[in-house]
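Engineer: A single structure is presented below for examination.
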Amino acid sequence: MTVKKPKARKKAPPKNQYILRLYVAGASERSRQAILRARELCAAELGGKYELVVIDIYQQPILARDGQILATPTLVREFPKPVRRLIGNLSNTAGLLLGLDLNTKGEPAR
């Protein structure tokens, strides 16, 4: 008799939480600035209702390939759907909010 193990289910993120991925290339000054700006944006605009994952494409090239990342830095809003991407300079806060369709009240726009 064989016993099948139940498949692990992926936990869905809470409805009012953002999931962001920031793809950078190494420890360059440009990468450090992008990380700093993304963290500042999240802290100021999303009020702790976010998960920011920083991915170095040199250390994890398969994740970059799977994410179809062609340039860095790239900030991707994974959740809530639809997925949105912003490539390049992250210094324009208004552009980031508009490009990623972020609601500044800390709740996902629907």
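Engineer: Quote the Stokes-Einstein diffusion coefficient, in whole µm² s⁻¹, for region 18-99, based on the Kirkwood radius over alpha carbon pairs, a temperature of 20 °C and a viscosity of 1.002 mPa s.
Structural biologist: Rounded, D is 169 µm²/s.
Engineer: In terms of modelled amide H atoms, which long-range or inter-chain residues lie less than 5 Å from the amide H of F79?
Structural biologist: When sequence neighbours closer than 5 places are left aside, the close amide H contacts are I19.
Engineer: Also: Arrange I62, I55 by Cβ neighbour counts within 10 Å, fewest through most, would you?
Structural biologist: Ranked by crowding around the Cβ, least crowded first: I62, I55.
Engineer: Also: Karplus couplings for region 71-82 from phi (6.51 cos²θ - 1.76 cosθ + 1.60, θ = phi - 60°), rounded to Hz, Gly and Pro as x?
Structural biologist: So the Karplus estimates, Gly and Pro as x, are 9, 10, x, 10, 9, 10, 8, 7, 9, x, 5, x Hz.
Just so you know, all these numbers are worked out from the coordinates, no wet-lab data involved. These figures come from a predicted structure and were not determined experimentally. For neighbour counting, all protein chains shown are included, and Cβ atoms are generated from backbone atoms with ideal geometry for every residue, glycine included.
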